[in-house]
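Here's the structure we're looking at; comments come further down.
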Amino acid sequence: MGRPDQLTELGEDFAQRSHELEALLREQGPVRPARLPRGLRVWVVSRYAEARALLTDTRLSKDSGQVARLFTQVSATGVQGGFAQSLGTHMLNMDPPDHTRVRKLINKAFTARSVARMRSRIEEITAQLLDELGTGDEVDLLAGFAGPLPITVICELLGVREEDRHEFAVWSGVLVSSAPATEVQESARLMYAYLSGLIAEKRENPGENLLSDLVHATDEGDSLSEAELVSMAFLLLVAGHETTVNLIGNAVLALLREPAQLAALRADPALLPGAVEEFLRYDGPVHLATLRFTTEPLEVGDVTIPVGQFVLISLLGANRDPARFPDPDRLDVTRPASGHLAFGHGIHHCVGAPLARLEAEIALGALITRFPALTLTADPETLRWRASTLMHGLETLPVRLRCP
């Protein structure tokens with residue numbers, strides 16, 4: 001076991017060996033100092049009990065302004081300023097009372113009822129995509145199905161024009177990747193400009209969509225500012241797209257690697273809602289939760305993290321902790337997987353979680369029913385994971401739809 005203060009280097013292969021490296025971190029202790037692939041020094045928490053507790057610990061802040069200032073002090077790569085920083089000033093990067101105010105306004109527009117109303121439309125989009133997919137025998141399931149479904153759903157929900165959706169997928173992919181700073185800034189600039197224009201349009205001509213509801217949401221005279229609207233639209237677009245793409249893709253890969261689990265799910269579709277929770281636990285769409293920093297010295301186990309240090313909580317690592325989930329590296333679609341941290345915990349629990357669950361349930365059920373001979377066409381060990389410490393998803397997922 002390494003010393004509690006010994007720096008762990010998480011190199012360029014971190015995304016490719018996520019579960020293996022998170023297991024090593026868990027074995028070494030509840031928290032470990034580490035350096036990320038782009039040079040940022042952080043403390044990584046990979047055990048379930050500590051991760052869950054720290055997700056609600058008020059001694060960890062998410063204030064985006066303070067994060068930017070800390071970056072300049074501790075990061076060898078500098079800070080992402082300008083448009084990228086502006087897009088990051090959403091409620092996921094806020095502390096109370098600002099977070100409380102903004103989340104209350106968001107909840108007025110993004111309700112369980114508005115999500116439930118999407119079921120029939122999600123089923124329609126899914127059927128259409130599977131019809132188009134079925135014209136070929138070998139396809140990239142991410143490009144042909146897992147990607148288009150959530151971007152279509154979230155863009156329709158927000159009122160984004162159909163002709164603009166491909167660009168959104170490209171911009172969001174860059175913004176959550178480890179791409180060079182210049183590429184991130186350019187994608188952020190394009191995203192910011194487009195969203196500002198879209199918000200102005202919804203203010204003048206509101207429609208039956210979530211973005212119009214957000215623009216006009218009020219609570220005792222309070223409303224979202226222009227900057228808050230742009231950053232919230234960005235959060236909903238990126239989170240609503242990226243997480244669901246990865247959830248569907250990772251789940252399909254897991255099932256194709258475990259034929260007995262796939263057979264069980266086909267035999268009893270009633271298992272699907274619970275199976276989605278197991279997919280979230282087993283190979284969730286988010287690896288390291290977004291940045292937090294200590295506002296005072298913080299004790300985690302026998303380690304004291306000094307003030308002003310970045311802390312990253314590994315949702316992926318926590319969900320494979322054997323102290324919480326027996327035999328955690330085994331996929332079991334009948335497992336009671338409740339309590340997983342794939343969508344976070346506490347006040348920052350993902351506001352779009354019900355939508356992601358609904359999309360995954362519909363997409364996976366329809367896919368495995370439509371194509372009973374679905375198989376991988378590549379060795380699973382050769383598949384590449386996206387170069388990101390935030391998102392955990394495949395670059396491609398080549399499959400055969402029918403028997404050769």
Sparsely packed trypsin sites (Lys or Arg not before Pro) within region 338-404, loop by DSSP, other Cβ within 10 Å at most 14
R384, R402
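What is the sum of charges, Lys and Arg at +1 and Asp and Glu at -1, for the other residues whose Cβ falls under 13 Å from the Cβ of R266? The partial results should precede the final answer.
On the way: positive: R370; negative: E258, D268.
Counting the neighbours of R266, the net charge comes to -1.
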Neighbourhood charge, 15 Å Cβ-Cβ cut-off, centred on I125 and excluding it, Lys, Arg +1 and Asp, Glu -1
-3
Charge-dipole axis of region 8-400 as Lys and Arg at +1 and Asp and Glu at -1 on Cβ define it, positive-most pick from V276, T382, G173:
V276
Lys/Arg +1, Asp/Glu -1 at C-beta; the chain dipole; positive extreme among A373, A363, I106
I106
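Taking DSSP loops as anything outside H, G, I, E and B, show the longest stretch in the chain free of GluC sites (Glu not before Pro) there with at most 14 other beta carbons within 10 Å. Intermediate results must be reported in sequence, preceding the final value.
Details: sites that count: E12, E208, E220, E395.
Free of exposed loop sites, the longest segment is 13-207.
Counting Lys and Arg as +1 and Asp and Glu as -1, each charge on the Cβ, what is the dipole of the chain about the Cα centre in debye, to the nearest 20?
On the way: 39 positive and 53 negative charges, 126 e Å.
The dipole of the chain has a size of about 600 debye.
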Among (i) 80, 51, 49; (ii) 76, 55, 37; (iii) 59, 58, 37, the value of Cα extents along the principal axes in Å computed for this structure carries the label (iii)
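Show that you can apply the helix-only estimate: for the chain, add -39,500 (n - 2.57) for every DSSP H stretch of four or more residues, divide by all residues, and state [θ] at 222 nm to the nearest 500. Write down the numbers at each step before the final one.
Values: 16 runs with 195 residues, N = 404.
-15000 deg cm²/dmol, from helical runs alone.
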Just name one of L142, V44, M391: the one whose Cα is farthest towards the positive end of the charge dipole of region 8-400 (beta-carbon charges, Lys/Arg +1, Asp/Glu -1).
V44
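Give the relative contact order (percent, whole number) for the chain; include only Cα pairs under 8 Å separated by 6+ residues. Provide the component values of the computation, followed by the final result.
On the way: 654 pairs, mean separation 99.0, N = 404.
Answer for the chain is 25 percent.
Every number in this text was worked out from the coordinates using simple rules, so none of it is lab data. No experiment lies behind these values; they were computed from the predicted model shown. Here the Cβ is made from the backbone with ideal geometry for all residues, glycine too, and neighbour counts use every protein chain on show.
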